[in-house]
């Protein structure tokens, strides 16, 4: 309990610091003026593509779980939007844990396996974002846009992208090794849990084996793996379209490919587990809007506030409707997780 309090306190401090950096030196009159220029099409299309990305996530997850069970789109979609809405309203991204718990309980599949596929989703997301950024770099090279490539921001992005690619590759390699050498997984778990009672060791062993199976779904069906990769790229194209459409209808005219590095910076910022991405999303978006699109600082602050509100608002609305439809409360989710443990 004490560790949870300290973790929450730390996240709140980080959130406050990032918000301070985001709002510092903002001309509020200018910012409000820019907000008054936002059009209804900007809001509509941004919200539409935000909702559509959950549809694509559900389709991708269905392919990833196909080797275990054919699950209805409704169950997958509802589990996803409930999980994301929890992550957007509570600190620590606990929605990522709630999602496989909800689906596993409803569809009677291994929660640890489902969680393994959620982890694998994040790896596919990293690879997809890096792929789109590589497309942007290639486009910049072809067009001779050396100024963008040599800017300090893009040099930093390149270094970070290389590290992320190495991390994802190492993770996949380790996952494949653990799948092929299951006894290594068991030995590792037994070594780590040696001081604990046998009941705990058996539970961790069950979760560990299911987890490894889940992150190695791609070894079971080449077709489903290809579909998962394709829909991962489609997903991030859809997310890119949401931001591009907002900016385009808000009279920030730029090449669509410029949204790829913008999305990469947003993804890095959003990876900081602040409650509802508050602060982390804002700071990353403002930096990217000013550096990549060349917009006014006050305009960047105003547009970021609206885009964040639309992301969280659309997600929580869908999550609330899905919770009502499934008859699930957050208390019930907590009880399901405790039963699994």
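The values are calculated or read from the model by the stated rules, or taken from the named source; none is laboratory data. This is a predicted model, so every value here is computed, not measured. For neighbour counting, all protein chains shown are included, and Cβ atoms are generated from backbone atoms with ideal geometry for every residue, glycine included.
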TODO: For residue 44, indicate whether it is farther than 16 Å from residue 245 by Cα, part of a helix (DSSP H, G or I) and modelled with pLDDT of 80 or more.
DONE: no
Open item on the list: Looking only at the range 238-264, how many residues end up being touching a helix residue (DSSP H, G or I) at 6+ places or on another chain (Cβ under 7 Å) and in a loop (DSSP other than H, G, I, E, B)?
Closed with: 3
Task: Count of residues meeting criterion [in contact (Cβ under 8 Å) with a residue 12 or more places away in the chain, more than 20 Å from residue 80 (Cα to Cα) and part of a helix (DSSP H, G or I)] in the range 282-330 - done: 22
TODO: Would you mind telling me which numbered condition in (1) modelled with pLDDT under 80; (2) under 30 Å from residue 124 (Cβ atoms); (3) in contact with a helix residue (DSSP H, G or I) (Cβ under 9 Å, 6 or more places away or on another chain) residue 10 fails?
DONE: (3)
Open item on the list: Please determine whether any residue of the range 102-114 is surrounded by fewer than 22 Cβ atoms within 10 Å (Cβ to Cβ), part of a helix (DSSP H, G or I) and under 13 Å from the mean Cα position of the chain (by Cα).
Closed with: no
TODO: Can you give me the number of residues within the range 132-155 that are loosely packed, with under 13 Cβ neighbours inside 10 Å, assigned to a helix (DSSP H, G or I) and at pLDDT below 70?
DONE: 4
